[in-house]
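Since the structure comes first, as structure tokens, the remarks are kept for the end.
The values are calculated or read from the model by the stated rules, or taken from the named source; none is laboratory data. On a predicted model such as this, the values are computed, not experimentally measured, just so you know. No Cβ is skipped: glycine too gets one built from the backbone with ideal geometry, and neighbour counts run over all protein chains shown.
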Amino acid sequence: MGNNTSSNLPEIWHYEQKDGYKIYQSGSHVKANFIRVFVPDNPYFNKQGKLKLITYLHGFALCMPQFYEAHLEVLAKRGYYIFFLDFQKSEYPNSRVAEKTQKANVEKPHFSLWVSRALKIATNKSSKFNKFQPESLFSSLEEQTSQEIPTIQGNLDEPKRFNYLRTSLAVATIILIVKLIYTWFNDTYGKNLIHLISTVGFSLAHQPSEWIKNAIALTEQSWQHLCKVNPQLAQQEFDFYVFGHSLGGLLALSWPIYITDENQKKFFPQQIITADPAPSTEMGIPRIAIWILKLFRSPFATAPINISDIGSQLNIPIGIMHGADDDIVKPQSWVKTSYWQPLSNFDYIASQEKKIYFSLSNQQHHPPLIAFHNQAVTDTTYYDDALFENFGGVKKGPNDYNNQYVWPGLSLVVEDQVRVDRLLGNFPLQTVQVTDILPDQGGDFKSIITVILAVSVVLALGYWLRFGSFLTSN
């Protein structure tokens, strides 16, 4: 962020004027109170004279505005107030300049770093035995100085020290396994994946429900401080919406359940619209990472949020914009039932005003259009392409899925042109196709092979236990 702190602004804000909108920023990623607010120069008012506010929730570990910035700018220029916040605890750079100029330092010794952090946590002599401030483990000058500036606080309590220790050991183990697996055949992917996980490692010492509460608090507090900058806003009525991608999509769906404080009621969403949301906080993240986090009982993995548990409490209009070829959060996970789950995840949502849409791939287009997981993302260049080629899709700018599907879907809803469950037929489609029925793509061969291998291992183990021990004893 530039040094543009207007003389009539509270010290809590950094300020920057852009073409058609202003940026107000406060907090830091490492303290999980980073928020960047996009304030339009010419606000949009609906027929009732209300402003439009949107909280924009990022995907897992995609905590920098840069990943979605092209969309954030478009929304601000349309006249909406946009709140982009880092509800996790991450190690991304705070300033806009650093976002643009820095790249992920994949050569950083992440494994030894997390082992060192675990040792420091275990040997910490603080009199506050149950609490541990992880900021002392960061050496970045930017992170150190950012703590000296008054900021919006959010609502994320520090976990107990033992939870930080569990999480540090789990992250170190994940990094070691990724190194062992990928060093041999895709070293670049492995290094970038390690950096991605390491960047948000300490956030895994929190339960996902804490992230939502923090996001709500950051939104509320930011609006209060904006009203101090511009007192006329305090008297202005507004409609509020929440939009989320991937994990952020699930948190967006969970948002109404965590609006409990009277002061937060104004931030109860009119409608919810999401892009490629996960039906569980355990999805969209490498499965091996979830297993290890569970093994170490990291808080993130011990108290997951599942749409099957919370869907019965959702009674407002809901729209899900998914990609038919999403390999990270497969669309089948929303519409298919299973032996253990008699209803589909989508059917667990109580609202009668709901719809799920599926964009289709267009292989005939040049270049081919793939309806992958990162449809809402606009810029993945902070990491090497090798990461997102295998983890949601590479984006070096908005494509047709942004321009014809995700972006107009959100704007049509916010501007009261179409209710979120009636978008089909209203997307400005040219090269993209959208349907509300997931095409049959045949069997999931990966899942079938996995089941066959698992059954084979169980049978082999049973055979050995029955006959191997007998032969050994004789």
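If I filter the range 426-449 for residues that are of a type in the set (Asp, Glu) and either within 30 Å of LYS100 (Cβ to Cβ) or modelled with pLDDT of 90 or more (or both), do I get at least one hit?
Within the range 426-449, one or more residues are of a type in the set (Asp, Glu) and either within 30 Å of LYS100 (Cβ to Cβ) or modelled with pLDDT of 90 or more (or both).
Which condition does ASP276 not pass, out of (1) buried (at least 23 other Cβ atoms within 10 Å of the Cβ); (2) of a type outside the set (A, V, I, L, M, F, W, C); (3) out of contact with any Phe, Trp or Tyr (no Cβ under 8 Å at 6 or more places or on another chain); (4) at pLDDT below 95, if it passes all the others?
Only one criterion in (1) buried (at least 23 other Cβ atoms within 10 Å of the Cβ); (2) of a type outside the set (A, V, I, L, M, F, W, C); (3) out of contact with any Phe, Trp or Tyr (no Cβ under 8 Å at 6 or more places or on another chain); (4) at pLDDT below 95 is unmet by ASP276, namely (4).
Name the residues in the range 291-321 that are outside any helix (DSSP H, G or I), under 23 Å from LYS354 (Cα atoms) and in contact (Cβ under 8 Å) with a residue 40 or more places away in the chain, would you?
ILE305, LEU314, ILE316, PRO317, ILE318, GLY319, ILE320, MET321
Only residues that are among the polar types (S, T, N, Q) and either over 12 Å from TYR56 (Cα atoms) or touching a helix residue (DSSP H, G or I) at 6+ places or on another chain (Cβ under 7 Å) (or both): list them for the range 241-279, please.
Those that are among the polar types (S, T, N, Q) and either over 12 Å from TYR56 (Cα atoms) or touching a helix residue (DSSP H, G or I) at 6+ places or on another chain (Cβ under 7 Å) (or both): SER254, THR260, ASN263, GLN264, GLN270, GLN271, THR274.
Within the group SER112, SER116, SER139, SER146, which residue is farther than 13 Å from SER28 by Cα, at pLDDT below 60 and not assigned by TED's automatic domain parsing to the domain that holds PHE34?
Going through SER112, SER116, SER139, SER146 in turn, just one is farther than 13 Å from SER28 by Cα, at pLDDT below 60 and not assigned by TED's automatic domain parsing to the domain that holds PHE34: SER139.
Scan the range 322-340 residue by residue and report those that are among the β-branched types (Val, Ile, Thr) and without any contact (Cβ under 8 Å) to a residue 24 or more places away in the chain.
THR337
Only residues that are under 25 Å from LEU204 (Cα atoms) and touching a strand residue (DSSP E or B) at 6+ places or on another chain (Cβ under 8 Å): list them for the range 7-56, please.
Across the range 7-56, the qualifying residues are GLN25, SER26, GLY27, ASN33, PHE34, ILE35, ARG36, THR55, TYR56.
Suppose the filter is within 20 Å of the chain's Cα centre (by Cα) and of a type in the set (A, V, I, L, M, F, W, C); does ILE328 pass it?
In short, yes.
Tell me, which residue of the range 255-269 that is in a loop (DSSP other than H, G, I, E, B) and in contact with a Phe, Trp or Tyr (Cβ under 6 Å, 6 or more places away or on another chain) is surrounded by the most Cβ atoms within 10 Å (Cβ to Cβ)?
Top of the filtered list is PRO269.
Count, please, the residues in the range 344-395 that happen to be of a type in the set (A, V, I, L, M) and in a strand (DSSP E or B).
Result for the range 344-395: 3.
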